[in-house]
Amino acid sequence: MIHQEVYQTILKDCQEKNATLIAVSKFQSVEAIQALYDLGHRDFGENYVQELVEKQEVLPKDIRWHFIGNLQRNKVKDIAPFVHLIHSVDSIRLLNRIVSQAERFERPIDVLAQMHIAEEDTKFGMDDAEMIDFFEYYEKEVEGKGVSVKGVMGMSTYTSDQEKVKKEFKTLVERFHYLQSKHFIGKKEDFSIVSMGMSSDYKLALEMGSTMVRVGSSIFGARKEA
Ligand SMILES: *Cc1c(COP(=O)(O)O)cnc(C)c1O
């Protein structure tokens, strides 16, 4: 069951800001994804490799699958043949594994650098120092070799305090602009994605400069978590 009216509203909000809406379908049925697909939707986000692979096999091949969960290096090979964008790259080791799988499957792979912006230490992502090392390494060793870092991704603190969330989104956007001016001079369009905002805060995220929002439960209803 999908919430069609809510979906249309969120889609319109995104279109007004030229942002991409990713429908986060983790724990949702193949039938629910197909129903949204039938409305014309193509961008879907998943958090778990096994679940994604199973869904990808049975659903239409023109779906753009976004991987947004914590990714183990030994699982990269399972999604490398078809994934559209990996949002959750937070280490050089993971980046290197994606490079080797892109070579193996002779398929370019686009990724985002996940930044730590929330206060809880349960949320993944790089801090400032890791981010600097990551992009220096990327520029020297990876750029132009099959894997492209297209932008940044972040998850805000789970809180009703909108001011706090706003501050965290602002931090992510500032880092994005810093990286753009440091590493993508003269090729800003190569680094143009800011993935931030979920069901509870997507509107704020769009106001703050998000170009990609990841919305699950508002569209599909509550998840039956495993
Ligand atoms: C589950 C998830 C979402 C979607 O969350 P909702 O609150 O259901 O909109 C977005 N981003 C990430 C990284 C997620 O894990």
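If you go through the range 76-95 and pick out every residue that is more than 16 Å from the ligand (Cβ to nearest atom) and in contact (Cβ under 8 Å) with a residue 24 or more places away in the chain, you end up with 9. Selection of the range 28-44 for residues being charged (D, E, K, R) and either out of contact with any Asp or Glu (no Cβ under 7 Å at 6 or more places or on another chain) or at pLDDT below 95 (or both) yields Glu31, Asp38, Asp43.
Counting only strands (runs of 3 or more DSSP E) wholly contained in the range 1-97, the ones carrying 1 or more residues that are aliphatic (A, V, I, L, M) and either surrounded by fewer than 20 Cβ atoms within 10 Å (Cβ to Cβ) or in contact with a strand residue (DSSP E or B) (Cβ under 9 Å, 6 or more places away or on another chain) (or both) occupy 20-24, 85-89. Of the residues screened, Glu54 is not one that is in contact with a helix residue (DSSP H, G or I) (Cβ under 9 Å, 6 or more places away or on another chain), of a type in the set (Asp, Glu), within 20 Å of Gly197 (Cβ to Cβ) and free of Cβ contacts under 8 Å to residues at least 60 places away in the same chain.
Here's the yes/no breakdown for (1) crowded, with 17+ Cβ neighbours inside 10 Å; (2) over 26 Å from Arg97 (Cβ atoms); (3) within 16 Å of the ligand (Cβ to nearest atom); (4) among the small types (Gly, Ala, Ser):
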| site | (1), (2), (3), (4) |
| --- | --- |
| Ile132 | no, no, no, no |
| Glu139 | no, no, no, no |
| Val152 | yes, no, yes, no |
| Thr159 | no, yes, yes, no |
| Phe169 | yes, yes, yes, no |
| Gln180 | yes, no, no, no |
| Ile193 | yes, no, yes, no |
| Ala222 | no, yes, yes, yes |
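Of the residues making up the range 50-65, not a single one is under 17 Å from Met155 (Cα atoms) and modelled with pLDDT of 95 or more.
Count, please, the residues in the range 98-137 that happen to be within 17 Å of Phe176 (Cα to Cα), among the acidic types (Asp, Glu) and outside any loop (DSSP other than H, G, I, E, B). Within the range 98-137, residues that are within 17 Å of Phe176 (Cα to Cα), among the acidic types (Asp, Glu) and outside any loop (DSSP other than H, G, I, E, B) number 5.
The values are calculated or read from the model by the stated rules, or taken from the named source; none is laboratory data. The shown structure was predicted, so the numbers you read here are calculated from the model rather than taken from an experiment. When we count neighbours, we look across all protein chains shown, and the Cβ atoms used for this are built from the backbone with ideal geometry, even at glycine.
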